[in-house]
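As structure tokens, the structure follows; a few thoughts come after it.
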Amino acid sequence: MKTPVKLCLIGLGNFGRLLDRKIGRIKGLEISYYYHPDTRKAKKFSPEKGISNLKNALKNVDGVIITTPNDAHFGNIKRCIEAGKHIYVEKPVTGFYKDALKLRHLLPEKPVFMVGHNQRRESHLREAKKILDKNKLGKIISAYFNVSHGGAFSFTPDQWRYGAKSHREGPLMTLGIHLMDTAHYLFGRVDSVYARINNISGQTEAPDCNAVVLGYKNGISVFMQANYNMPSEEICVIHGTEGTLYINRGKLSLRIGRDRRINGSFVPSEPLPVKLRKTDSIKEELEEFRDAITGRKKVETGFNEGLNALALIEACYRSNKNNKVVFMKDFKNYRI
């Protein structure tokens, strides 16, 4: 690529720094500006490229990378759409489902719009998808996800994850949004949602834990948790009529076959490790964003995938608020 795709990084927090480092190692991508509305913070991040005038920055770039707090996504995306720029926004697409619906009517066809749902790209989930597609587990019965850590014990009142208004669903939005997209990727369209959202530790104003059950028309049940009040976990277990798939912190094992009766006792089949290729899911996303801008690829997780994941979060919020099951047929823009 002779001319690199020029980008403006909007959002200079920890994840913005991570993406900046990744982009620095990708051919064909270049950060031209680092935007923060506070001039001092913009220049502190980059004395040469820091800028506090987004309008000026957008005049001289091809696209943007948005990693601001969730509740700032809508305003920044809207300005970038109006400027006709290619957009990569870290999940969730917006902080609230209603805001994503507003954007839906503003999106033009040509510029690229990508949502950073990188979890589905992790090698263990790519392999899990292959196993499911080959029906190695038989008919799927249920799945359990738990992605959690103890972040509530370190958040401070000046951070957006601390507040109930800016972080309405707590870790269900920041961690669980990945699980929603993964559920779509592995199992398809959800039929019903039941959720409980709580604050057990009392360390923040925002919720710190949840429990969600996704129901499917074919009978599959998916139970998931995404918490900020416990020692870290990264677990996925998928049960089928012919076997079970286990994922623990990125390591995948596959157990095939039911228990066998040996000498009067039932002996379970052994789970065997599955070899995985090494991947960098975030780097892969950014390369795909570059290739989509140059017309060589289409993005895997575009606006619709981001909207669908956010629809499930909204369903969880309504379910918890009213203590009842919510049916996804009531979301007319939920299309899988």
**OP:** Give the angle, between 0 and 90 degrees and rounded to the nearest 10, that separates the Cα long axis of helix 176-187 from the longest principal axis of the Cα atoms of the chain.
**Re:** 60
**OP:** Could you tell me which of the pairs K41/K278; K27/K98; K59/K129; K129/K298 are separated by over 30 angstrom between their Cα atoms in the structure shown?
**Re:** K41/K278; K27/K98; K59/K129
**OP:** Using 0.36 nm per residue of separation minus the Cα-Cα distance, give me the extension gain between L272 and I26 in nm, one decimal.
**Re:** 85.0 nm
Subject >> Residues of type aspartates and glutamates that K2 reaches as a straight line, Cα spacing below 14 Å, ignoring anything fewer than 8 places off in the same chain >> reply: E30, D291
**OP:** Work out how much length K2 to I200 would gain on full extension: take 0.36 nm times their residue separation and subtract the Cα-Cα distance, in nm to one decimal.
**Re:** 65.9 nm
**OP:** Considering the options P207, S319, I256, tell which one lies farthest towards the positive end of the dipole of the range 180-336, charges being +1 on Lys and Arg and -1 on Asp and Glu at the Cβ, about the Cα centre.
**Re:** I256
**OP:** Enumerate by residue number the trypsin sites (Lys or Arg not before Pro) in the range 125-205 meeting two conditions: DSSP loop (anything except H, G, I, E, B), and at most 16 other Cβ atoms within 10 Å of the site's Cβ.
**Re:** K134, K136, K139, K165, R189
Subject >> Sites S166 and S253, calculated FRET efficiency, Cβ-Cβ separation with R0 30 Å, nearest 0.05 >> reply: 0.20
Original post:
Can you list the residues, at least 5 places off or on another chain, whose amide H is less than 5 Å from the amide H of N227, using H built in the peptide plane?
Top reply: V147, S148, H149
Original post:
Reachable aspartates and glutamates from K165, Cα under 17 Å, same-chain residues fewer than 8 places away excluded?
Top reply: D71, D99, E205, D208, E314
**OP:** Provide the gained length on full extension for the span F15 to N135, in nm with one decimal, where the gain is 0.36 nm per separating residue minus the Cα-Cα distance.
**Re:** 39.5 nm
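Excluding F45 itself, what net charge comes from residues whose Cβ is under 11 Å from its Cβ, given Lys and Arg +1 and Asp and Glu -1?
Local charge sum for F45: +3.
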Original post:
For the Cα atoms of the chain, what angle does the longest principal axis make with the long axis of helix 281-293, in degrees from 0 to 90, nearest 10?
Top reply: 50
Original post:
Between the range 1-78 and the range 288-306, how many Å separate their Cα centres?
Top reply: 19
**OP:** Using Cα pairs closer than 8 Å and at least 6 residues apart in sequence, work out the relative contact order for the range 247-321, in percent.
**Re:** 18
Original post:
Tell me which aspartates and glutamates have Cα within less than 18 Å of K55's Cα, excluding those fewer than 8 residues away on the same chain?
Top reply: D38, E82
Subject >> Burial order of peptide ranges 287-299, 200-212, 320-332 (average beta-carbon count within 10 Å, highest first) >> reply: 200-212, 287-299, 320-332
Subject >> Angle between the chain longest axis and helix 73-82 axis [Cα atoms, degrees, rounded to 10] >> reply: 50
**OP:** On a C-alpha basis, how far is the centre of the range 189-209 from the centre of the range 85-159 in Å? Whole number, if you could?
**Re:** 17
Subject >> Value at 222 nm in deg cm²/dmol, rounded to 500, when DSSP H runs of n ≥ 4 in the chain each add -39,500 (n - 2.57) >> reply: -8500 deg cm²/dmol
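Laboratory data are not the source of any read-out in this text; all were calculated from the coordinates shown. Please read these numbers as outputs of a predicted model, since none were measured by experiment. Counting neighbours? That spans all protein chains shown, and the Cβs are built from the backbone with ideal geometry, glycine included.
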